[in-house]
Structures are given as C-alpha cells and as structure tokens.
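Shown next, in structure tokens, is the structure this report addresses.
Taken together, the values in this text are just the output of simple stated rules run on the coordinates, not laboratory data. Quick caveat: nothing in here was measured; it's all calculated off a predicted structure. Because the Cβ atoms are built from the backbone with ideal geometry, glycine has one as well, and the counts that use them run over all protein chains shown.
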Amino acid sequence: MKNIVILISGRGSNLQAILDSGLPVKVAAVISNKADAAGLETARRHGIATAALNHRDYPSREAFDAALAEKIDGFKPDLVVLAGFMRILSDGFVAHYAGRLINIHPSLLPAFTGLDTHRRALAEGVKIHGCTVHFVTPTLDHGPIVVQAAVPVLDSDDEESLAARVLAQEHRVYPLAIRWFAENKLTLRGDGKVNFSGGCRSDSVLHSPWEIV
C-alpha cells in the first residue's frame, strides 16, 4: 500500500473527499503552512499525523521548501498531494518530488492558470469550465494532465455558484487520480504526457462534458 502525504492551507474539502473515498493508500500525514488550517483538525479526527510549518518563519521560499521537504520525507511518501496548498513551490522542491507530486487546479488547463479562475472564466464568457489533476512541474499550473472534469457555465452563474459546481467535480476526480497512481496505472512519458494502463481511461475528459465517464 502506497504512502501519501497531503499538503493543505485551509479547510481541506479535497482532503475530506480523499479520506471519504476508501482509497487503497495510507495517508501518512497532513501538513499545512498554517497552524489554524481547519483541515488539520479533520486529519486528527481520522487519526492521521499532522504538522504545521509557518512559511513566514523562514528567510526565503527555498528555505521553507527545504524544511517542508525534510518534514515530508520523514513520512516516506510515494506521492505528495497538493490539496489547496496555497504556496508557489520552488524548482528544487518540485524536482525533488518529480513524478510523485500532483495538484488539482480549478480550471481546464491550460486555460486560466493562477488565481481567480472562476471570475476570469465568467469574464471571458466561456461555455465550459472545470478542473484538472496534473503532475507538478516547475512551470506554475502546468504539467502532465491526469484527468479533467468539465461543467457547463450557465447564464445565471456567478463566481460562487460556478465555483461550487467545479468543486463538486474536484471531489470526484482527485480521489480517482490518486487511486490510479496507487494502482500503478499512470506512467509519465518523455513527451510530457501520461500513459494509462490496466483499465484506466486515457480519454478521461468526458464523452458528455457534464459527466465523468
């Protein structure tokens, strides 16, 4: 059974979805850059080890990332899962976990990298929005895509309603991607794409854009 470490900065709704999914993994630890992150209490209720490192206690991004990596490595993870971890990671940190560091982003990458994705999607008038699970590379919000889920953008949508619909899809696809990793169904190719095997779907965007297949 593979060990995973989950990094959070806030309430940890994706953390909760992962814990509720009955995945064939051991969540070895949940770590946050904020000691008051609500997700830490969620982890404690599940009997999971927790830790908090305040990035403001370190003189540089690299120093914080080095301390964070040391803490993570103490749990010997096979996979590090970014679940609302609101930090831009240094190139050295990303390189250290190459091929075993994944993130979920609230847009259909490569569209709308960075922050305020739902507001920007509405401003652009797109008809389909969604979320993406991807392996992390040094380029922000880029990297080999594992799975995407799409939702319609409705005429009645505001930022809050669109965000809620996307979040519901995040809670479905993030556990799915972790399960595929745990079952050794994902392989990173040299061209920066992901190979799927053993019954895992490579066309894991959607036949219908509103439902995962």
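Too long at a 23 Å Cα-Cα cut-off: which of Lys2/Lys185; Lys71/Lys185; Lys26/Lys71; Lys71/Lys193?
In this structure, Lys71/Lys185; Lys71/Lys193 lie more than 23 Å apart at Cα.
Which whole DSSP H helices in the chain pass both tests: a Cα extent of 15 Å or more along the axis and a mean Kyte-Doolittle value no lower than -1.0? Helices meeting the span and hydropathy rule in the chain are 61-73, 159-182. Sum up the charges of everything whose Cβ sits under 11 Å from the Cβ of Ile88, counting Lys and Arg as +1 and Asp and Glu as -1, but leave Ile88 out. Result for the neighbourhood of Ile88: -1. Ellipticity at 222 nm from helices only: DSSP H runs of n ≥ 4 in the chain, each -39500 (n - 2.57), divided by the residue count, give -9500 deg cm²/dmol. Rounded to 0.05, the FRET efficiency of the Ala66 and Asn3 pair, given R0 = 25 Å and the Cβ-Cβ distance, is 0.75. Distance between the 7 Å Cα→Cβ label points at Val126 and Arg189: 2.3 nm. What shape does the stretch 1-104 have by the C-alpha gyration tensor, where a ≥ b ≥ c are the square roots of the eigenvalues, rounded means a/c under 1.5, and otherwise prolate means a/b greater than b/c and oblate the rest? Since a/c reaches 1.5 but b/c is at least a/b, the shape of the stretch 1-104 is classed as oblate. Tell me, what is the FRET efficiency for Ser21 and Ala49 to the nearest 0.05, using R0 = 22 angstrom and their Cβ-Cβ distance as r? E between Ser21 and Ala49, to the nearest 0.05, is 0.65.
Taking every DSSP bridge with both residues inside the chain, close to 45 percent are antiparallel.
Once the chain from Glu160 to Glu41 is taken as fully extended at 0.36 nm per residue, the excess over their C-alpha distance is 40.3 nm.
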